[in-house]
1. Once the cut-off is 32 Å, how many percent of the Cα-Cα pairs in the chain end up in the long-distance tail?
2. Among H216, H333, which comes first, then next, by fewest other beta-carbon atoms within 10 Å?
3. Using the Cα gyration tensor of the range 272-336, with a ≥ b ≥ c the square roots of its eigenvalues, what is the shape: rounded (a/c below 1.5), prolate (a/b larger than b/c) or oblate (neither)?
4. Express in whole angstrom the spacing between the alpha-carbon centres of the range 131-208 and the range 55-72.
5. If you count, for each residue, the other Cβ atoms within 10 Å and average over each peptide, how do 293-299, 47-53 line up from highest to lowest?
6. Hey, in the chain, which Cys have no second cysteine's beta-carbon closer than 4.7 Å?
7. How large is Rg over Rh for the range 86-203, taking Rg from the Cα atoms and Rh as the Kirkwood inverse mean of 1/r across Cα pairs?
8. Got the relative contact order for the chain handy, in percent, Cα pairs under 8 Å and 6 or more residues apart?
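Read-outs throughout are calculated quantities, based only on the coordinates presented, and are distinct from any laboratory measurement. Predicted, not measured: the structure shown is a model, and the values here were computed from it. Reconstructed Cβ throughout: ideal geometry from the backbone, glycine too, with neighbour counts over all protein chains shown.
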Amino acid sequence: MSNKRISLTRYLVEQQRVDGHIPSQLRLLLEVVARACKSISQAVNKGDLGGVLGAATTENVQGEVQKKLDIIANEVLIEANEWGGHLAAMASEEMDSIYVVPNRYPQGEYLLLFDPLDGSSNIDVNVSIGTIFSVLKKPEGHTGVSEQDFLQRGAQQVAAGYCVYGPQTTLVLTVGDGVAMFTLDREQGSFVLTQENVQIPPDTKEFAINMSNMRHWDAPVKRYVDECLAGTEGPRGKDFNMRWIASMVADVHRILTRGGIFMYPWDKREPNKPGKLRLMYEANPMGWLVEQAGGAATNGKERILDIQPAKLHERVSVILGSKNEVERVTAYHREA
Ligand code: P6P
């Protein structure tokens, strides 16, 4: 077995050739997204040297003040993908409405959704952040493209992934045949396969939630966390550890790497909102990755990937990670 590392390009070509899993247009799309993530990684790594830290003067559709790097990352992804002929349109956390590929370029059959830089609150304090992306096929039978074409269940995704900008820059990807991880080799300037067939342990001793919201949680979540905190004397009979990076990409990467459960549940602070995180370009891609690695992802009541979206930027409660833990929290919701 040669110890020669396999590049992302070779991995995708082999997936296309061997499993017919990746049509050539989708392979092109994934290569272009990976190249855009490399550019975003360069910008992120410059930090203050690149004058890219701090807030911009604008707000996004969520009413959140945008960071300069949010806007830079969004522009990098748009410019990298609009000319290739593989996309009909794009949707982003940073844009109110969809971005239809301009007429001067050929239209493709795929829809690309992304959170260009998730974890923005961590940008200025040098903590890992990341890009999350999801790929859908444009529904057939009609010309043109509209927001309605994006409103598909997460189970309809044809590819999903993220790139985490941390001590390493790592691209994590699924096309429905398991989860693979590619680490950026800066000397070569290419992503190299470093993990294949990623598996999340079904049990864990590590939970991730923002504990400062405890007084606002619903009873099932409070019950689950109280039992974890009770440790060996409690009903779980074991001690738990807690992590909260406040960067979903970094928390999910840890869970894909060593197991755990991540929760951003509904809480009483904004009772009309189902949760904080967005369904289409955060929960759906992360939910599919976690399922493809043997984990589970629900909103406390149902599988994330079965939720029929009503709006492009709709939010959702998220419980994902080690299968047995997610099933326990979901069972507590059903009992309540
Ligand atoms: P809080 C980042 O802003 C984000 O959208 C996710 O990446 C992260 O998990 C969550 O919000 C953190 O939220 O309320 O703990 O700051």
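1. 27
2. Lowest to highest Cβ neighbour count: H216, H333.
3. Verdict is oblate for the range 272-336.
4. Their Cα centres are 24 Å away from one another.
5. Top to bottom by mean Cβ count within 10 Å: 293-299, 47-53.
6. Among the cysteines of the chain, those whose Cβ sits 4.7 Å or more from every other are C228.
7. Here the Rg-to-Rh quotient is 1.02.
8. Reported as a whole number, the value is 15 percent.
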